[in-house]
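Just so you know, all these numbers are worked out from the coordinates, no wet-lab data involved. Just so it is clear, the structure is predicted and the values come from calculations on it, not from any experiment. Glycine also receives a Cβ, built like all others from the backbone with ideal geometry; neighbour counts cover every protein chain displayed.
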Amino acid sequence: MIIEVKGLRKVYKNGEIEVEALRGVDFGVSQKEFVSVMGASGSGKSTLMNILGCLDSITSGEYFLDGENVAGFKSNTLAQIRNKKIGFVFQSFNLLPKLSSLQNVELPMIYAGVSASRRREAANIALERVGLTDRAKHRPNELSGGQRQRVAIARALVNSPAILLADEPTGNLDSTVSAEIMSIFQQLNAEGATILMVTHEMDIAMHGRRIITFKDGLIQSDEVVENPLKAGEVG
């Protein structure tokens, strides 16, 4: 298992009020899986993704990432894990506006201390994987929404992370561009990437091989997708 959580609980405190966002969650994800996570607003799926991405701590339970129990790690160790083992793709792209596509993709490697020549080479390879070699020098405002998301995916991949976490990666995109992004995800998964993707759209979720649905901080269902949609198909 590349991801394994046991008895995962997360409680947020607001003064005297406690909100239990996750109420004892157990599940695992194997290497090379493509898992979609669904659920209504407030169901716990975003809290889960923040914990899996080492952006938030757990209240109780265990979380193993690539065999390591990350629950007790200090902040500097968690930062290293985020940079080297996890690739993030966000709904809002999170690109730096003054940097070119290539420079945005290079950022995780700068934090990892990679030399300039290796950064440039790896960033060009990552852009090639998402079909954006010809946009390497363009800034985000010179790119379409779909192109910006592809740059974000290239940035997420550039350090060869163990897992790719995508939070509503098609949320700001139309159906045609969404299909392009899902095609990239499916290709990356076919090449061996492990992907966990939050989405509220069933037709997007059906591109994965498994759908976990959350409700009120618990897993409501965990089902294999017998016939995943191929990007471009209509469910």
- request: Rounded to the nearest 500, what is the 222 nm mean residue ellipticity of the chain from helices alone, with -39500 (n - 2.57) per DSSP H run of 4+ residues and division by all residues?
  value: -10000 deg cm²/dmol
field: Dimensionless Rg/Rh of the chain - Kirkwood Rh, Rg from C-alpha atoms
entry: 0.97
field: Spatial extent of region 1-67: Rg and Dmax, with the Cα atoms as the point set, Å
entry: 12.4, 43
query: So between Glu226 and Met202, what do we pick up on full extension, going 0.36 nm a residue minus the alpha carbon distance?
result: 7.2 nm
task: With 31 Å as the limit, write out which pairs from Lys74/Lys230; Lys98/Lys230; Lys32/Lys215; Lys74/Lys137; Lys6/Lys98 have Cα-Cα distances beyond it, or answer none.
output: Lys74/Lys230; Lys98/Lys230; Lys74/Lys137; Lys6/Lys98
field: Cβ-based exposure ranking for Lys74, Lys230, in which fewest neighbours within 10 Å come first
entry: Lys74, Lys230
Test item: Cα-centred dipole of region 164-235, Lys/Arg +1 and Asp/Glu -1 on Cβ, debye: 160
- prompt: Taking neighbour Cβ counts within 10 Å as the exposure measure, how do Thr199, Thr47 sort from fewest upward?
  reply: Thr47, Thr199
- request: Mind running the shape call on region 171-235? Use the C-alpha gyration tensor, a ≥ b ≥ c as the square roots of the eigenvalues: rounded below 1.5 for a/c, prolate if a/b tops b/c, oblate otherwise.
  value: prolate
- line: HN-Hα couplings for region 10-20 via Karplus (6.51, -1.76, 1.60; θ = phi - 60°), in whole Hz with x for Gly/Pro, come out as 9, 10, 9, 10, 10, x, 8, 8, 10, 10, 8
task: With +1 on each Lys and Arg Cβ and -1 on each Asp and Glu Cβ, and nothing else charged, work out how big the dipole of the chain is about its Cα centre, in Debye to the nearest 20.
output: 920
task: Give the order of Phe214, Phe93 when sorted by the count of other beta carbons within 10 angstrom, beginning with the fewest.
output: Phe93, Phe214
- prompt: What is the extension gain from Ala116 to Ile17, computed as 0.36 nm multiplied by their sequence separation minus the C-alpha to C-alpha distance, in nm to one decimal?
  reply: 30.7 nm
